[in-house]
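The structure under discussion appears below in the form of structure tokens.
Please treat every number below as a calculation from the coordinates, not as lab data. Keep in mind that what you see is a predicted model, and the values were worked out from it rather than measured. Cβ placement follows ideal geometry from the backbone for every residue including glycine, while neighbour counts extend to all protein chains displayed.
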Amino acid sequence: LWADAFIQDPGINQARKIPDGKASSVLLFHDGKLLALDGDGNGSGKFVTAAELPGDRFTRLTIRTDYEAKHFDVWVDGKPALAKLGFKNNSVTQFHGAKRLAGANSYLDDFSLSTWGLDRDSDDDGLNDLDEAKFYGSYPLLADSDRDGASDSQEIAAGTHPADPGSIFAVKIDSTAGGQTKLSIPTITGLEYTLQRRAALGQGQWQTVPGFENVPGDGSVQSFLETPDGRNYFYRGVIVNRLNPANP
């Protein structure tokens, strides 16, 4: 079972103490650090440090609990921090709830329980199962959830919705009254875009359209006018760089 949440907590300065009551996992925010109890199964154990706590932002905290093996693992900001810690009480056999003791400046957001995990990418699309189910609205067992030809991870990178076949990253091609080719591409802030063309699919190299290379996105549909040279071209848009994405 995976418990996942975002927490901002400065931690307490009082002496470390194992709380009363039966529990599988025990975590303590103490003096700027996240501590986890490596239990002995009989109500005691020792605290070990999982991570330093930043005071100016939320920290993502994820706990995987194995009730059969009597172990739990801790992830911090999506990365493994501690593994195979012992239960405080081995008599706990299933999830009964979470108890949180916090002060006035402690905040909890987006708490969830799931059987999907951070350590699995069941459909090999580059996104872990838990994030797909919790944040992206895509299906963890299908690499292209909306079957539009782009994988779920490609859609996340492009800023489109992986479960909506009508949400796609594509270049729109129109003609102007003056005979120019109008190329339009949807952009999002924090990414750079390049337009490319080539005369035939599967032949030759894609060439950058002069004047539209490494263009910063601003959240709008950006357009570019190209004067035809008498040849037909295939066009594509390429995301070439992440600058400072609003939603990394």
* Structure fact -> Across 227, 181, 59, the residue with the highest GNM fluctuation in the chain (Cα network, 10 Å cutoff) is 227
* Asked: What are the lysines whose alpha-carbon lies under 22 Å from the alpha-carbon of residue 46, with same-chain residues fewer than 8 places away excluded?
  -> 17, 22, 33, 70, 84, 88, 99
* Phi-based couplings in Hz for region 188-193 (Karplus 6.51, -1.76, 1.60; Gly and Pro marked x) -> 10, 4, x, 10, 10, 10
* Using θ = phi - 60° and the Karplus curve 6.51 cos²θ - 1.76 cosθ + 1.60, what whole-Hz ³J(HN,Hα) does each residue of region 218-224 get, with Gly and Pro shown as x? -> 9, x, 10, 8, 9, 10, 9
* Structure fact -> Other residues with Cβ under 11 Å from the Cβ of residue 198 give, with Lys and Arg +1 and Asp and Glu -1, a net charge of +3
* Counting other beta carbons within 10 Å of each Cβ, put 153, 138, 167 in order, fewest first. => 167, 153, 138
* Sorted by Cβ density within 10 Å, fewest first, the residues 17, 134 -> 17, 134
* Structure fact -> Neighbours of residue 166 by Cβ distance under 13 Å: Lys/Arg at +1, Asp/Glu at -1, summed charge -3
* Asked: Between residue 106 and residue 57, how many nm apart are label points set 7 Å from Cα along the C-beta direction?
  -> 2.3 nm
* Asked: For the pair residue 120 and residue 201, what calculated FRET efficiency results from E = 1/(1 + (r/R0)^6), where r is the Cβ-Cβ distance and R0 = 25 Å, to the nearest 0.05?
  -> 0.10
* Using a Gaussian network model of the chain with C-alpha springs under 10 Å, which one of 232, 90, 214 is most mobile by mean-square fluctuation? -> 232
* Asked: According to a simple spin-label model (label point 7 Å from Cα along Cα-to-Cβ), what is the distance in nm between residue 182 and residue 77?
  -> 4.5 nm
* **Taking N as its residue count, the alpha carbon Rg of region 130-248 over 2.2 N^0.38 Å** => 1.17
* Structure fact -> Here the chain gives, from Cα atoms, an Rg and Dmax in Å of 24.8, 82
* Using only helices, what value at 222 nm comes out for the chain when you add -39,500 (n - 2.57) per DSSP H run of length 4 or more and divide by the total residues, to the nearest 500 deg cm²/dmol? -> -500 deg cm²/dmol
